């Protein structure tokens, strides 16, 4: 049950972030000289889209921490710490310490690559997610300095889609292994 909730949080968070990212890309197409802080203005969707983005990032953060919780006895300690730090970073950033956003892509990339190593997630999904995570770090740097956004919004779209794909693959693993409680990769499904 716990793995299903974590996987659903990953899917919902990724889909919500993808929807919010489409707004970012559309705003960039309209105004290529758009600065990061201009996105909160009314003309680009304003508070409603900001709330969607923040709620989606919170869901991604919860799913990230959830992986460490539901797989606590099966996951490497360093990966569990990266997951917990990523989750903590999301909620600290939502409270106003915006530089803590850096912890989210670092944590999700570490967890994604580890799950690929276990065979739960396809390697190409994990590697694509890792590359998009690097783009996410660039976007965070642009937001922190109020630089022009540029086409890096596409990396966030890929990041959101690949995190959803990781959630779908977790669901697939749970469905495939059903009531046995043990996956073929050896990571039990609580």
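Values in this text are rule-based calculations from the coordinates and carry no lab data. Because the structure is a prediction, the values reported are computed rather than measured. Positions of Cβ are backbone-derived with ideal geometry, glycine not excepted, and every protein chain shown enters the neighbour counts.
It is to be established whether one or more residues within segment 112-123 are in a helix (DSSP H, G or I), in contact with a strand residue (DSSP E or B) (Cβ under 8 Å, 6 or more places away or on another chain) and in contact (Cβ under 8 Å) with a residue 60 or more places away in the chain.
Within segment 112-123, none of the residues are in a helix (DSSP H, G or I), in contact with a strand residue (DSSP E or B) (Cβ under 8 Å, 6 or more places away or on another chain) and in contact (Cβ under 8 Å) with a residue 60 or more places away in the chain.
Going by the structure shown, is residue 100 without any contact (Cβ under 8 Å) to a residue 40 or more places away in the chain and over 18 Å from the mean Cα position of the chain (by Cα)?
no
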